[in-house]
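Input: a single structure, listed below in structure tokens.
The values are calculated or read from the model by the stated rules, or taken from the named source; none is laboratory data. Keep in mind the model is a prediction, meaning the values are calculated, not measured. Don't worry about glycine lacking a Cβ; one is built from the backbone with ideal geometry, like all the others, and counts go over all protein chains shown.
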Amino acid sequence: MFSLLVALSSCSQANQVLKAGSAERAGFIPSVLDLKEERARSPFHGVWYKDEDMFYQRRAETTKLYLLPVRTDFLLEKGWWSELNSLDREEYEKDVKELAAHFDSELQNAFENHESNRWKIVTEPDEESLIIEYALVEVVATKVHINAIGTTLGFFVPGGGLISRAGGGSVAFEANIYDGKDGELLLSLADREADKLAVVTLKDYQFYAHARKTIMEWSEQFAELANTEKEITVEDSSAVTIEPW
């Protein structure tokens, strides 16, 4: 099984099959906008440009980024399945706000640590800045008790580990990028990721460890998109992990 996961993690076609599907639109991105995949450039499910050439021209003219706090007020309603991991709605909302704050931190760190970063993170926008606003629109916790049952059965029942896979969570975002000069919407992005497939990983026994890993990967991908030319492909993350933690 371990060797199979290693092979799957290096196979792009297998990765596409195992990856999560796109999220339901939450309304943070204007519903009239038509998001499309742009895999030659972006790793995300959906991308919309007001005008692609104009965006890259404006990006070349700016040197600053104003990162608005990640929002949680567009979060889609949970189903009963995700509620299995929340004692009550108040606890769930607290967890989501902590994830949003984690997203804020990861975005800033990703830019500051990018090897060819050209952007200065600022506390106020001006004519030399782009304004970026993210929203978490789906957060489904990993179902740790189901994963524990699946892991136990996996030692005794062939295929029992599939129960663990059924205990996976998911997380999704929508994002808008505005011109700091006049507030015009230039670019929108959206993506959704499910928990990664693994033989055994400690993330399966924590409610939001997989989500935190996804948020880190999103932040790094976004920093790469912001610091590379439009001819460069930013690779999607793997649907498989061989990390035990």
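One residue stands out among those in region 1-37 that are over 25 Å from residue 139 (Cβ atoms) and assigned to a loop (DSSP other than H, G, I, E, B): the one that is modelled with the lowest pLDDT, which is 1.
Right, residue 164: part of a loop (DSSP other than H, G, I, E, B), buried (at least 20 other Cβ atoms within 10 Å of the Cβ) and at pLDDT below 95 or not? Write out each step before concluding.
Details: part of a loop (DSSP other than H, G, I, E, B): no; buried (at least 20 other Cβ atoms within 10 Å of the Cβ): yes; at pLDDT below 95: yes.
In short, no.
Among the numbered conditions (1) modelled with pLDDT of 95 or more; (2) of a type in the set (Ser, Thr, Tyr); (3) over 15 Å from residue 225 (Cα atoms), the only one that residue 42 does not meet is (3).
Taking the conditions exactly as written (modelled with pLDDT of 85 or more and either aliphatic (A, V, I, L, M) or out of contact with any strand residue (DSSP E or B) (no Cβ under 8 Å at 6 or more places or on another chain) (or both)), does residue 194 satisfy them or not? Spell out the reasoning first.
Details: modelled with pLDDT of 85 or more: yes; either aliphatic (A, V, I, L, M) or out of contact with any strand residue (DSSP E or B) (no Cβ under 8 Å at 6 or more places or on another chain) (or both): yes.
So residue 194 fits the description; yes.
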